[in-house]
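Readers should treat all values here as calculations from the given coordinates under stated rules, not as data from a laboratory. Nothing here was measured: the structure is a model prediction, and the numbers come from that model. As a convention, Cβ positions derive from the backbone with ideal geometry for all residues, glycine included, and neighbour counts pool all protein chains shown.
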Amino acid sequence: MEQKFYSIGKVAGLAKITTETLRHYDRVGLVKPSKTDQWTKYRYYTDQDIIRLHVVVALHNMGISLKNIKTMLDMNDMQRLIEEFDGALRRADDKIQQLQEAKNRILHVKKYYESKRDEAPAGIAIKELPPRTILLSDKSISPTIEDLHDYHRHFYAQVGESRKALFSFEDVAGIYEKNDEQKMFAVCLRHDGGKELLTLPQGKYLCAECTDKTYKSVLSKLVDAAQSKERAEVPYVIRMIKLTGILQWKYEIQIPIGQFS
């Protein structure tokens, strides 16, 4: 069967690299053309050359230096070469996970800005909220950027591998406050009915937004408003956490107010 040859432009297009990059790979001995015209100096590549090129590009995209790639591909020890590829695949999986986490963070912030266009003016509001089942953290974690972007992992670890498949959580976090104790929580979409779960009842809640700096003053106003109408102590306070930027967040304080209208 006659050998098929491809021009440098065709091969560069298939690998999604520039022709200059392909020439550089030739100069450093990574991917050499199977044939070079002695008069025009045009390079021509075979299907086998293209396979090697795709491997080089993939490994380089994983952050492996061209020098190390050449060492790997020149190995005669098959077992060692397989181990090197296994290591490269593990690093690729780690990079994919990091990119997916970064994408989720951007989507989370994007969702906030999309909803902000129709957001009600800042101030106190009464909202009818559905029942919510929450899982309180069994560890002392606080709303930092790292914790907020990683809180799902914390709660899945808390329920353990044997129960993990029975749980899923909303993409929101909050703080539950009662008797001067504060705990972060996740809102369950699915759960197994365990004893550590807590149900926030459906009903009306007095709500207002705040930041860390304004939290105490806003909470004081909400508590005063609730107590003046309900003539009872506030049973608990919910702080729902809302990301407002890559490194910023604010809260929506929610206080249950029964039949207050």
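What whole-number distance in Å separates the alpha-carbon centres of segment 1-46 and segment 70-108?
A separation of 26 Å, based on Cα centres.
To make sure I understand, if each residue's beta carbon is the centre and we count other beta carbons within 10 Å, what order do 228, 7 fall in, fewest to most?
Working: 228 9, 7 14.
Starting with the residue having the fewest Cβ neighbours, the order is 228, 7.
Would you calculate a helix-derived [θ] at 222 nm for the chain, using -39,500 (n - 2.57) for each DSSP H run of n ≥ 4 and dividing by the full residue count, to the nearest 500?
Values: 8 runs with 114 residues, N = 261.
So the calculated ellipticity at 222 nm is -14000 deg cm²/dmol.
If one takes the longest principal axis of the Cα atoms in the chain, at what angle in degrees, from 0 to 90 and to the nearest 10, does the Cα axis of helix 47-61 lie?
Roughly 40 degrees, rounded to the nearest 10.
Order by neighbour count: 170, 177, fewest other Cβ atoms within 10 Å first, most last.
Working: 170 13, 177 16.
Sorted ascending by nearby Cβ count, the order is 170, 177.
Would you kindly give the portion of the calculated P(r) for the chain that falls above 34 Å, as a percent of all Cα pairs?
Working: 15706 of 33930 pairs.
Value for the chain (Cα pairs over 34 Å): 46 percent.
Rounded to the nearest 0.05, what FRET efficiency is calculated for residue 52 and residue 103 with R0 set to 30 Å and r the Cβ-Cβ distance?
Details: r = 32 Å, r/R0 = 1.05.
Working from the Cβ atoms, E equals 0.40.
Checking the table 16/67; 110/204; 127/221; 178/216 against a 24 Å threshold on Cα-Cα, which pairs fail?
110/204
Students often forget the sequence filter, so: which lysines lie under 17 Å Cα-Cα from residue 41 once same-chain residues fewer than 8 apart are removed?
Correct list for residue 41: 10, 32.
Among 133, 19, 199, which one shows the biggest mean-square fluctuation in a GNM of the chain, springs joining Cα atoms closer than 10 Å?
Largest GNM mean-square fluctuation: 19.
Using R₀ = 51 Å, calculate the FRET efficiency as 1/(1 + (r/R₀)^6) where r is the Cβ-Cβ separation of residue 75 and residue 39; round to 0.05.
On the way: r = 36 Å, r/R0 = 0.71.
It comes to 0.90.
For a footprinting-style exposure proxy, rank 188, 210 by other Cβ within 10 Å, fewest first.
On the way: 188 22, 210 19.
Fewest to most other Cβ atoms nearby, the residues stand as 210, 188.
Which of the lysines could a cross-linker bridge to residue 164, judged by Cα under 22 Å and excluding same-chain residues fewer than eight apart?
139, 183, 195
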